[in-house]
Amino acid sequence: MSVVNETVLTYLPAKRKSTPSGWLSFNAPCCHHNGNSADTRGRGGLISNPDGGISYHCFNCGFKASWQPGRQFSHKLRKLLQWMGAPDDVINKVALEVMRENEGVEAKTRIAELPTFNTVPLPEDAIKITDITNFNKFSMAVLEYMAARNLNVDDTDYYWSPSLGYRDRLIIPFYFEGRIVGWTGRSVVPDKKPKYLTEVQPGYVYGLDEQGYNKVFAIVCEGQIDAIHVEGCALGGSEISDQQAMLLNRLQKQIVVVPDRDKAGSKLVERAIELGYSVAMPDWSKEINDIGDAVHRYGRLYTLHSIATSADESPLKIRLRAKKWFT
Ligand SMILES: [Zn+2]
């Protein structure tokens with residue numbers, strides 16, 4: 001427990017329910033301050049995290065506030081406490097204590113720390129793909145998308161939501177140490193913008209939970225769906241932040257980066273060399289741009305094999321291969 005956590009719980013509405021995944025739901029105190037009508041359907045959600053952090057999400061007006069140890073006491077958190085009826089002097093005391101603690105920690109160590117991730121909710125009414133009973137044109141399109149992309153129900157817990165804005169997306173939860181700390185919703189409608197709706201926290205790497213002790217190396221690629229195909233990790237882009245590198249290094253495995261075949265991918269190769277990682281650029285046919293394409297053409301097993309056998313550690317060999325791969 002932290003002082004923030006304790007204070008928020010003290011002023012939480014007494015009428016609340018708890019869900020099996022650890023969320024407390026109650027009538028959201030935020031909505032009428034944000035131009036919406038007051039919530040009467042228990043659409044405010046709060047979760048306490050193992051490190052003493054908290055996350056608040058409102059499914060009615062969309063207001064969010066969170067806190068993690070080491071982070072600042074935010075303006076939004078102050079508002080939330082005010083709306084829950086906490087007196088200003090109580091809020092000020094908590095804010096001051098957080099500031100003092102942070103200063104103390106900063107003075108002791110200025111070394112970069114491993115990132116921590118708050119638990120977040122999936123889009124409203126999200127259910128596991130395997131629990132769908134409502135087979136309408138939206139859920140069917142999502143299932144068809146999965147079949148066309150060689151995605152199987154036992155890969156991970158895929159989700160779908162019937163709610164407007166999400167119903168034509170395949171939702172992939174982001175796990176960290178067994179908790180859901182983000183998600184992405186991939187549009188299944190061609191050319192729909194945005195292609196991905198994503199909630200992600202800084203420093204996050206997808207798929208770390210899957211890198212068990214029995215794996216000799218960890219494959220690291222850009223997109224989550226590519227990572228799912230090869231039980232690898234995804235950066236969620238073509239850059240490796242220092243925090244992401246720390247999480248990958250903590251696996252204590254050979255890291256094999258598989259870049260996409262584009263300009264951003266060639267920058268990723270240089271970053272991988274800098275970090276001492278291996279890079280795999282298999283002899284795939286020219287028109288194959290990423291792992292998803294390779295799986296579609298060659299199947300998962302061959303794709304995995306071609307990645308493993310083409311992984312180079314030597315910067316010279318990597319750069320030579322890159323010349324062929326990116327042209
Ligand atoms: Zn609200």
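Matching residues to (1) in a loop (DSSP other than H, G, I, E, B); (2) of a type outside the set (D, E, K, R); (3) crowded, with 19+ Cβ neighbours inside 10 Å:
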{"position": "Val94", "(1), (2), (3)": "no, yes, yes"}
{"position": "Val98", "(1), (2), (3)": "no, yes, yes"}
{"position": "Leu114", "(1), (2), (3)": "yes, yes, no"}
{"position": "Met140", "(1), (2), (3)": "no, yes, no"}
{"position": "Pro173", "(1), (2), (3)": "no, yes, yes"}
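Criterion applied to Ser37, Ser21, Ser74 was being within 27 Å of Gly165 (Cβ to Cβ), open to solvent by 60 Å² or more (accessible area, probe 1.4 Å) and more than 14 Å from the ligand (Cβ to nearest atom), and the one residue passing it is Ser21. Contact annotation: residue pairs with Cβ atoms under 9 Å, 6 or more positions apart or on different chains, pairing a residue in the stretch 156-167 that is touching a residue at least 40 places away in the same chain (Cβ under 8 Å) with a partner that is of a type in the set (Phe, Trp, Tyr), are Thr156/Tyr175; Tyr166/Trp160. If you go through the stretch 245-254 and keep only what is without any contact (Cβ under 8 Å) to a residue 40 or more places away in the chain and not in a loop (DSSP other than H, G, I, E, B), you end up with Ala245, Asn249.
Ile132 fulfils the conditions (1) within 20 Å of the chain's Cα centre (by Cα); (2) farther than 23 Å from Gly299 by Cα except for a single criterion, (1). Of the numbered criteria (1) within 16 Å of the ligand (Cβ to nearest atom); (2) surrounded by fewer than 18 Cβ atoms within 10 Å (Cβ to Cβ), the one Asp51 fails is (1).
Is one or more of the residues making up the stretch 255-276 part of a helix (DSSP H, G or I), of a type in the set (Val, Ile, Thr), touching a residue at least 40 places away in the same chain (Cβ under 8 Å) and open to solvent by 20 Å² or more (accessible area, probe 1.4 Å)?
Residues of the stretch 255-276 part of a helix (DSSP H, G or I): 263-274.
From what is left, the residues that are of a type in the set (Val, Ile, Thr) are 269, 273.
If we keep only those that are touching a residue at least 40 places away in the same chain (Cβ under 8 Å) too, we end up with 269, 273.
This time we only want the ones that are open to solvent by 20 Å² or more (accessible area, probe 1.4 Å), so: 273.
Within the stretch 255-276, one or more residues are part of a helix (DSSP H, G or I), of a type in the set (Val, Ile, Thr), touching a residue at least 40 places away in the same chain (Cβ under 8 Å) and open to solvent by 20 Å² or more (accessible area, probe 1.4 Å).
Answer yes or no as to whether Thr7 is open to solvent by less than 50 Å² (accessible area, probe 1.4 Å) and more than 16 Å from the ligand (Cβ to nearest atom). Considered against the rule, which asks whether it is open to solvent by less than 50 Å² (accessible area, probe 1.4 Å) and more than 16 Å from the ligand (Cβ to nearest atom), Thr7 comes out as yes.
Among the residues of the stretch 54-69, write down those that are out of contact with any Gly (no Cβ under 9 Å at 6 or more places or on another chain) and more than 24 Å from Leu164 (Cα to Cα).
Applying the first criterion (out of contact with any Gly (no Cβ under 9 Å at 6 or more places or on another chain)) to the stretch 54-69 yields 54, 62, 64-65.
Across the stretch 54-69, the qualifying residue is only Ile54.
Checked against the criterion of being in contact (Cβ under 8 Å) with a residue 60 or more places away in the chain and surrounded by fewer than 19 Cβ atoms within 10 Å (Cβ to Cβ), the candidates Asn150, Asn118, Asn136 yield just one match: Asn150.
The values are calculated or read from the model by the stated rules, or taken from the named source; none is laboratory data. Bear in mind that the values here come from a model prediction, so they are computed numbers and not experimental data. Neighbour counts run over all protein chains shown; Cβ positions are idealised from the backbone, glycine included. Only protein heavy atoms, including side chains, enter the accessible area calculation; ligands, DNA and RNA are left aside. Shrake-Rupley method; radii C 1.70, N 1.55, O 1.52, S 1.80 Å.
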